[in-house]
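Below is one structure, written out as structure tokens, with a few remarks after it.
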Amino acid sequence: MPPALRPTMLTHLEYLAYDWRMQLASPSLTTNPLIAVIDIDNESLEKVGRWPWSREKFAELVTNLKQHHEVIGMGLDVLFVDEACQGTQADQTLSDALSENLPVMAVSFQVGDDEALLRSGELGKGVTLSWANGIPPRSPWWGQAYGYVGNLGGFLSPNVTTGHISPQRDLDGKVRRLKPIYQWGQAYYDTLALAVMRQAQGVNDVEWDGQLAHWLDSPHLRIKGAEGQALLSIPISKDGDVLIPYSNDKTNSAYERISAYRILEKDPSVDLWGKFVLIGSSATGQADVVASPLRSGLPGVEVHAAMLAAMLDQQNIAFKVQPANEPWLQLALLFIILVILWLARWSGVWLVLVVGPVLLVTWGVSNYLLWTQFQLAVEVLPPVLLIIMVMAYLVIGDLLDINARHQHVRKMFGYYLPAPVVQRLANDRSGVDWLKAERKDMTVLFADIQGFTTMADTMSPEAVASITWELFSGLTEVIHQHGGTVDKYMGDAVMAFWGAPLHDNDHALHAVEAAKMMQLAVQRMNQAIFAEKNIQIRLGIGINTGSMLVGNLGSAQRHAYTVMGAVVNTASAVQQLTRAYDCDILVGEETAQRLLPEMVVDLGAADSKKLLHKINIYAVR
């Protein structure tokens, strides 16, 4: 996601990931042998005098560094903007020292147009920007300055090089990157460290090369020698940024920091021969302190020291490459992650919950290896966010699916089964489709109120409804207690079955036991409820066992969980024979064979009005 479109919170998370890698992997240097920082610190102010120092002191400082210590290159992270002494002998002394010793002077650019525009002092000599193979960039990548603060013109002779010292602060205020080139008008100005490096090499121009050496490469800024050989190559992002290669200092600084007063006093213990020096200030109140990924109070001059250190020693301190094709790399990674998580989803959410963390760890390790082994700075967050969001989506979706399935199961079976059985079905995670139509070995029961039609003709509808409500409520409770499923109520009859949706090996026995208890329940209701209404209920029950179709049957407009088949029709016919044989409970032959012999009495074959053939029936003792 482009930084301009990324939410602030995500940007800060990416900053944290960047800082974490920087802190873990930055080279640890107590002192850099190639660079020294000449620090105008609190001790120097105490010995030399308060800020600002006189022009003569600066002239002496510059001269001592170049003439006495014979430094190779020198950069001033200091601006001379005070005109109070302009035109005096002191100004001339400093101007002569600068012209003779040629340190790289500083300029500070205003990089935003949201403040009052500044134009103070002079810019000085910049750098010539050229294009490799004469191929310019498609769009300007360098920074555009809106204002500047430079040195007084009297200190900028034609031979004095200028480098910018403008930090590029991220949203959290830390300085992680900078623009190596800024444009003002038709002139270009490179950063202080790059200008010091150029001056030491005697090079006046910088070449931009947009050709990628490989797919994960980025454009580069190069300094070339007289014969065209590359003396320095700095990878830059497509937006023109360079990631600052900070060193993880174990002490107060990653570079030799020498108090400026020691240079003025020509301290014999100071050895700067053959080194590059940068002059800056860490003194309290100088406001030249920045926050970096490694330290919250880093002197600004050390930002340029970090850049210069990497330019001088690219074998040990490498610039990180920000791949120009990173958006495509991220898209490829996201696609691969989606495919892996999608394949894992087919085995269940549990596998996603295993694969997801494995992917997170794998990406974290891979990203760190890209940083340390291949010097690639690739954003951490996109794959991490995708993995977390997909995991959250699948888990939440699975929970919603479970809840929906629970509700559906409760809705479908709530009227037919006791609450514990419904809950057991709802909590089942076996993946079985309980509503799917299938053929099963089951037992079905029909119970009919004998003589109810004649009795109902003499009663009011309200009385009939009250009687059936009381009766069927009691019978349903008995059926549920014996593991049965109520199929339907049919006027003065109730239909139930055993063996579905939950499997029951003894469904025939449980159905017969339920029938006995149903008869007992009717006797109790006759005595306790119906006697006072001068009503006596007699129940005829028929039971049959065998293979039948069970499931969510019906049409798209109306369906129900029910059973059907020849076995069901036979059970209904057996129930009708209870009147003819004056028996309260009759069972079919298959049911009788699954009971103990002493539980039934063989009544032989009987004709039925519902069937074309005779059926063997048995009375339950």
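The values are calculated or read from the model by the stated rules, or taken from the named source; none is laboratory data. Keep in mind that this is a model prediction, so the values were computed, not measured. Quick reminder, even Gly has a Cβ in these numbers, built from the backbone with ideal geometry, and neighbours come from all protein chains shown. Surface areas here come from the heavy atoms of the whole protein model, side chains and all, with no ligands, DNA or RNA. Shrake-Rupley method; radii C 1.70, N 1.55, O 1.52, S 1.80 Å.
Some notes on this structure:
- Subset of region 538-562 that is in contact with a Phe, Trp or Tyr (Cβ under 8 Å, 6 or more places away or on another chain) and open to solvent by 10 Å² or more (accessible area, probe 1.4 Å) - its residue that is farthest from Asp504 (Cα to Cα): Leu553
- Some residue of region 352-361 being open to solvent by 40 Å² or more (accessible area, probe 1.4 Å), under 17 Å from the mean Cα position of the chain (by Cα) and touching a residue at least 40 places away in the same chain (Cβ under 8 Å): yes
- When the criteria are applied in full, Leu370 meets the requirement of being assigned to a helix (DSSP H, G or I), without any contact (Cβ under 8 Å) to a residue 24 or more places away in the chain and crowded, with 18+ Cβ neighbours inside 10 Å.
- Sub-7 Å Cβ pairs linking a first residue in region 35-51 that is within 13 Å of Ser281 (Cα to Cα) to a second residue that is open to solvent by less than 30 Å² (accessible area, probe 1.4 Å) and of a type in the set (Asp, Glu), at least 6 apart or interchain, are Val37/Glu302, ordered by first then second residue.
- Region 303-317: number of residues that are out of contact with any Gly (no Cβ under 9 Å at 6 or more places or on another chain), within 22 Å of Trp141 (Cβ to Cβ) and open to solvent by less than 30 Å² (accessible area, probe 1.4 Å): 5
- First in region 496-518 and in contact (Cβ under 8 Å) with a residue 40 or more places away in the chain, second anywhere and among the acidic types (Asp, Glu) and outside any helix (DSSP H, G or I), Cβ under 8 Å, 6 or more apart: Ala496/Asp487; Phe497/Asp487; Trp498/Asp504; Gly499/Asp441; His507/Asp441; His510/Asp504
- Yes/no for Ala521 being open to solvent by less than 60 Å² (accessible area, probe 1.4 Å) and touching a residue at least 12 places away in the same chain (Cβ under 8 Å): yes
- Selected residue [in a helix (DSSP H, G or I), of a type outside the set (Gly, Ala, Ser), open to solvent by less than 20 Å² (accessible area, probe 1.4 Å) and under 19 Å from Gln519 (Cβ atoms)] from Leu445, Leu475: Leu475
- The criterion of at least 2 residues that are open to solvent by 60 Å² or more (accessible area, probe 1.4 Å) is met by none of the strands (runs of 3 or more DSSP E) falling completely within region 181-233.
- Some residue of region 46-53 being at pLDDT 90 or above, surrounded by fewer than 18 Cβ atoms within 10 Å (Cβ to Cβ) and either in contact with a helix residue (DSSP H, G or I) (Cβ under 9 Å, 6 or more places away or on another chain) or farther than 25 Å from Pro245 by Cβ (or both): yes
- Scope region 251-302; condition in a loop (DSSP other than H, G, I, E, B), open to solvent by less than 20 Å² (accessible area, probe 1.4 Å) and out of contact with any Ser or Thr (no Cβ under 6 Å at 6 or more places or on another chain); matching residues: Ser253, Tyr255, Val270, Leu272, Ser281, Ala283, Ser292, Pro293, Gly300
- Among the residues making up region 330-348, those that are open to solvent by 30 Å² or more (accessible area, probe 1.4 Å) and either at pLDDT 90 or above or among the β-branched types (Val, Ile, Thr) (or both) are Leu331, Ala332, Leu333, Leu334, Phe335, Ile336, Leu338, Val339, Ile340.
- Condition met for Leu117 (over 11 Å from Phe58 (Cα atoms), at pLDDT below 80 and touching a strand residue (DSSP E or B) at 6+ places or on another chain (Cβ under 8 Å)): yes
- Filter result (in contact with a Phe, Trp or Tyr (Cβ under 7 Å, 6 or more places away or on another chain), part of a loop (DSSP other than H, G, I, E, B) and either open to solvent by less than 10 Å² (accessible area, probe 1.4 Å) or modelled with pLDDT of 90 or more (or both)) within region 136-151: Ala145
- The numbered conditions (1) open to solvent by less than 80 Å² (accessible area, probe 1.4 Å); (2) within 19 Å of Ala447 (Cβ to Cβ); (3) more than 60 Å from the chain's Cα centre (by Cα) are all true for Ala580 except (1).
- Subset of region 594-606 (residues that are touching a residue at least 24 places away in the same chain (Cβ under 8 Å) and open to solvent by 60 Å² or more (accessible area, probe 1.4 Å)): Arg594
- Selection count where residues are loosely packed, with under 14 Cβ neighbours inside 10 Å and not acidic (Asp, Glu), scope region 93-117: 3
- Residue among Leu549, Leu502, Leu553 that alone is farther than 22 Å from Leu586 by Cα, part of a strand (DSSP E or B), modelled with pLDDT under 90 and of a type outside the set (Phe, Trp, Tyr): Leu553
- Considering residues of region 489-499 that are modelled with pLDDT of 90 or more and not aromatic (Phe, Trp, Tyr) only, the residue farthest from Asp448 (Cα to Cα): Gly499
- Evaluation of Leu243 against (1) over 37 Å from the mean Cα position of the chain (by Cα); (2) closer than 13 Å to Met311 by Cα (one fails), failing number: (1)
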